[in-house]
Amino acid sequence: MTTSPQEQSQAGEGPAGQGPAAQAPPPAQGHPQRWLILGVICLAQLTVLLDNTVLNVAIPSLTRELDAATSDIQWMINAYSLVQSGLLLTAGSAADRYGRKKMLLAGLALFGVGSLVAGLADSTGQLIAARAGMGVGGALLLTTTLAVAMQIFSPAEQPKAIGIWSAVNALGFATGPLVGGVMLDHFWWGAIFLINLPVVALGLVAVVALVPESKNPRGDRPDLLGALLSTIGMSSLVYAIISGPEHGWTSGRVLLTAAVAVAVLAAFAYWESRIPYPMLDMHFFRDRRFTGAVAGAVLIVFGMGGALFLLTQHLQFVLGYGPLEAGLRTAPLALSVVVLNFSGLSAKWTAKLGTPVSIASGMVLMSLGLVSIATLASGGYAGTLLGLVLIGVGCAIANPAMAHAIMSAIPPEKAGVGAGINGTLAEFGNGLGVAVLGAVLNSRFAALIPVAASSLPAALSSADGSAEKERILDAFSSGLATSQLVGAVAVLLGGLVAAALLRRAERADFA
């Protein structure tokens, strides 16, 4: 899936502007500077991922210095994720049509401008608008980085490259709160955004100098209506998921937004199946490899995202760690992923076991890790540590294999759309996991403590005596355990479904 000669001649320019792209090496060898290019795009990716979580630790400072209300804080966080998740498919399609290098540069520039405006904002409105702009840049970066990686590596090296790309995802998730905490200990809140600027500047120079251009040689007509429908539909869906826990799943706002999402996404699917130049070819879903990887990807992120969201609450509310301490104690998960993927061990295991077995075994390990946290975490950090390591090892095996299965099922000229699908699944699964497992926690907590307030801190503040506080904490722990077990079942089912569909696809290919 490296850049074809046709794609290269379409692009017209080789690496570093040194003549025609025809000078690039044969696809079987990959680009001569592929590992350096991977480092550049992973650095850009890491910056985007950090901003998904870094703002959470700045909430007290923003509330104090900008006089931000709770609704303002929610929009500061949600503006970024809503815009990013809504535009992922459109961004991937634009990268395929207009050039992945161009869109990578555009994403870096938009992200840098948004970071500058956010860092210098003196009102909540300015910060929300800046975060939305950063979301546009983030969508372009998340899709083009994976698409470029698929273009510059030979098929034999793609699993290891995607493993490193996945490790950067885990690293960004784990280090966001830590980076934010360190920055806020020494600087004002705007520094968490301004620190992006030197990274963006370095990325722009490196992309111009190193990254080869590639795009769809057919030059399909732009699917403007499809882009509009997918953006509205996905943004509405993510907004409904985000709003559910706060406003209630049966509230008018959530039901109306969810209905809009379903209707618009149905219209998007109908439109894409009827036009000759679809942004998302619906025939992809007839490929068992694609549908198996998609089903597994949603459920793996559903269980992971929701369970880890709950785990941070357990570490802080039940075990009594501060935010920075809690962040440090979740680091073994990311460390396990980074070690296994950067060393190439996960890619070697996948090559030896095959994609279906790798995905199934990885998700079984992740499920066992969630069960360990659910059943042993109440006894202290040791059970949590075991669970985190099991989840990290499983994630290091399953996630790259899943991403590679999705990208391999899509034609090389549609690599941007494939990356957009992969990113959209991650956003959707994570949001759904937080919402659903959070709802399981709240239901269990309310059943055990019928008179409890709407949250654990509120319930503890209204408790009468240490005995009642202990009972409330026990109820909350029980709710957390139940939610973790639901997540474990979801991950296990995802692994079995994905492995079964992928195995059937492999047998059909050999038949």
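The values are calculated or read from the model by the stated rules, or taken from the named source; none is laboratory data. Fair warning: this is a prediction, and the values are worked out from it, not measured in the lab. Methodologically, a virtual Cβ is constructed for each residue, glycine included, from the backbone with ideal geometry; neighbour enumeration extends over all protein chains shown. These accessible areas exclude ligands, DNA and RNA; they are computed on the full protein's heavy atoms, side chains included. Shrake-Rupley method; radii C 1.70, N 1.55, O 1.52, S 1.80 Å.
Spacing of the modelled spin labels on Ala439 and Val208, each 7 Å from Cα toward Cβ, amounts to 5.0 nm. Taking one quarter of the surface of the convex hull spanned by the alpha-carbon atoms of the stretch 223-278 gives a direction-averaged projected area of 3.4 nm². The phi-based Karplus calculation (6.51 cos²θ - 1.76 cosθ + 1.60; θ = phi - 60°) puts the 3J(HN,Hα) values of the stretch 398-403 at 7, 5, x, 5, 5, 4 Hz, whole numbers, x for Gly and Pro.
Maximal additional length on extending the Leu319-Ser343 stretch stands at 5.3 nm, based on 0.36 nm per residue less the C-alpha distance. The HN-Hα couplings worked out from phi for the stretch 120-134 by the Karplus form 6.51 cos²θ - 1.76 cosθ + 1.60 (θ = phi - 60°) are 9, 4, 10, 8, 5, x, 4, 5, 4, 5, 5, 5, 5, x, 5 Hz, whole numbers, x standing for Gly and Pro. Based on alpha-carbon atoms, the Kirkwood radius and the radius of gyration of the stretch 64-165 give Rg/Rh equal to 1.10.
Only Cα pairs under 8 Å and 6+ residues apart enter the sum, and on that basis the relative contact order of the chain stands at 21 percent. The Stokes-Einstein estimate for the chain, based on a Kirkwood radius over Cα pairs and taken at 10 °C with 1.306 mPa s viscosity, is a diffusion coefficient of 68 µm²/s. Centroid-to-centroid, using Cα positions, the stretch 344-406 and the stretch 466-494 are 21 Å apart. Computed over neighbours whose Cβ is under 11 Å from that of Leu140, the net charge equals +2, Lys and Arg +1, Asp and Glu -1. Working note: Debye formula, equal point scatterers on the alpha-carbon atoms of the stretch 232-312, no solvent; log10 I(q)/I(0) at q = 0.12, 0.23, 0.24 Å⁻¹ is -0.50, -1.11, -1.12. Calculate, in whole percent, how much of the Cα-Cα pair population of the stretch 30-222 lies beyond 30 Å. For the stretch 30-222, the fraction of Cα-Cα distances above 30 Å is 21 percent. Taken along the Cα-to-beta-carbon direction at a fixed 7 Å, the label points for Ala382 and Gln74 span 4.2 nm. Projected label points at Val489 and Ser466, each 7 Å from Cα along the beta carbon direction, are separated by 3.8 nanometres. Spatially, the stretch 120-158 and the stretch 289-304 are offset by 22 Å when compared through their Cα centroids. For the stretch 295-306, backbone phi angles converted through the Karplus equation (6.51, -1.76, 1.60; θ = phi - 60°) give residue-by-residue couplings of 4, x, 4, 5, 6, 5, 6, 4, x, 5, x, x Hz, Gly and Pro being listed as x. Expressed as a whole percent, how much of the Cα-Cα distance distribution for the stretch 164-259 exceeds 20 Å? Every Cα pair in the stretch 164-259 considered, those over 20 Å come to 70 percent. Per-residue ellipticity at 222 nm computed for the chain from its helices equals -27000 deg cm²/dmol, with DSSP H segments shorter than 4 residues left out and the rest contributing -39,500 (n - 2.57). Computed about its Cα centre, the charge dipole of the stretch 30-222 is approximately 780 debye, with only Lys, Arg, Asp and Glu carrying charge at their Cβ. Computed with a 1.4 Å probe over protein heavy atoms only, the accessible area of Thr482 comes to about 50 Å².
If R0 is taken as 25 Å, the Cβ-Cβ distance between Asp281 and Ala351 corresponds to a FRET efficiency of 0.30. For the stretch 282-510, the alpha-carbon radius of gyration amounts to 1.11 times the rule-of-thumb value 2.2 N^0.38 Å expected for a compact globular protein. Near Gly99, the amide H atoms lying under 5 Å from its own belong to Asn216; only residues 5 or more places off or on other chains count, and H is placed 1.01 Å from N. Projecting the alpha carbon convex hull of the stretch 339-442 along each direction and taking the average yields 7.8 nm².
Each of Val179, Val364, Ile128 was scored by the projection of its Cα onto the charge dipole of the chain, and the greatest displacement toward the positive side belongs to Val364; charges sit on the C-beta of Lys, Arg, Asp and Glu. With a cut-off of 13 Å between beta carbons, the residues surrounding Phe445 carry a summed charge of +1, where Lys and Arg count +1 and Asp and Glu -1.
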